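The values are calculated or read from the model by the stated rules, or taken from the named source; none is laboratory data. These figures come from a predicted structure and were not determined experimentally. A quick note on method: Cβ atoms are made from the backbone with ideal geometry, for glycine too, and the neighbour counts reach across all protein chains shown.
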Amino acid sequence: MRTAAGAYEHKDMATAVRLWKIWADRGNAEARTLLGAMYWSGDGVPRNHHETARLYLLAANQGYARAQNDIGFMLGFGEGVPPRDDVEAYKWLTLAIERYTDKNQDRLEQAKRDLATLAKRMTRAQIAEAERRAKAWKPVP
């Protein structure tokens, strides 16, 4: 993972993609998330929001906070892939907020702002359903 991160920092996108794909295929949630971010922005791979969402969802289901945040953002504010779903977005952002640590303070604060924005456009019933889903969620190994 460090080699992939180093390659990314040195703008060697081909190496970063190749290494993160190996780790992602082995089920590493962080690699799935970082590779998903590359597909989101088109860094070293063709821009592909379907692949971004697939990778984020795999990592989010493993309990990785950044992926939960990212798929929540895509569902609530993304560019249409997957289709907007405020209830699922609220669920994922809630889970990310619960799992972020102190070292992720900036991401935590942004997730809280995104959740508040979502809540303003949702009904009480939608929020209650999202909270029910968040409570019922269990990570997939």
Pull up the range 32-69, narrow it to residues that are in contact with a Leu (Cβ under 8 Å, 6 or more places away or on another chain), surrounded by 24 or more Cβ atoms within 10 Å (Cβ to Cβ) and among the small types (Gly, Ala, Ser), then point me to the one that is nearest to residue 110 (Cα to Cα). 67
Checklist (1) over 19 Å from residue 78 (Cα atoms); (2) touching a residue at least 40 places away in the same chain (Cβ under 8 Å) applied to residue 65, failing item: (1)
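Name the residue that is surrounded by the fewest Cβ atoms within 10 Å (Cβ to Cβ), counting only residues in the range 78-133 that are of a type in the set (Gly, Ala, Ser) and not in a helix (DSSP H, G or I). Reasoning before the result, please.
Looking only at the range 78-133, we keep the residues that are of a type in the set (Gly, Ala, Ser), and these are 78, 80, 89, 96, 111, 116, 119, 125, 128, 130.
With the extra rule that they be not in a helix (DSSP H, G or I), the set shrinks to 78, 80.
On the way: 78: 19, 80: 8.
Step by step, filter the range 78-133, then rank; the result is 80.
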Taking the conditions exactly as written (over 20 Å from residue 108 (Cβ atoms) and surrounded by 19 or more Cβ atoms within 10 Å (Cβ to Cβ)), does residue 15 satisfy them or not? no
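For the range 36-53, name all the residues that are under 17 Å from residue 78 (Cα atoms) and in contact (Cβ under 8 Å) with a residue 12 or more places away in the chain. Steps first, answer last, please.
Step one: list which residues in the range 36-53 are under 17 Å from residue 78 (Cα atoms), which gives 36-42, 47-53.
Hits for the range 36-53 are 36, 37, 38, 39, 40, 49, 50, 51, 52, 53.
Take the residues in the range 87-133 that are among the small types (Gly, Ala, Ser) and over 17 Å from residue 59 (Cβ atoms); name whichever of them is farthest from the chain's Cα centre (by Cα). Even if it seems obvious, please write down each step before you answer.
The initial filter retains those residues of the range 87-133 that are among the small types (Gly, Ala, Ser), namely 89, 96, 111, 116, 119, 125, 128, 130.
If we keep only those that are over 17 Å from residue 59 (Cβ atoms) as well, we get 116, 119, 125, 128, 130.
Details: 116: 18, 119: 19, 125: 25, 128: 22, 130: 17 Å.
Across the range 87-133, the extreme among qualifying residues is 125.
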Would you mind stating whether residue 72 is within 28 Å of residue 25 (Cα to Cα), modelled with pLDDT under 95 and crowded, with 17+ Cβ neighbours inside 10 Å? no
Can you name the residue in the range 1-12 that is surrounded by 19 or more Cβ atoms within 10 Å (Cβ to Cβ) and not hydroxyl-bearing (Ser, Thr, Tyr) and, of all such residues, is modelled with the lowest pLDDT? 4
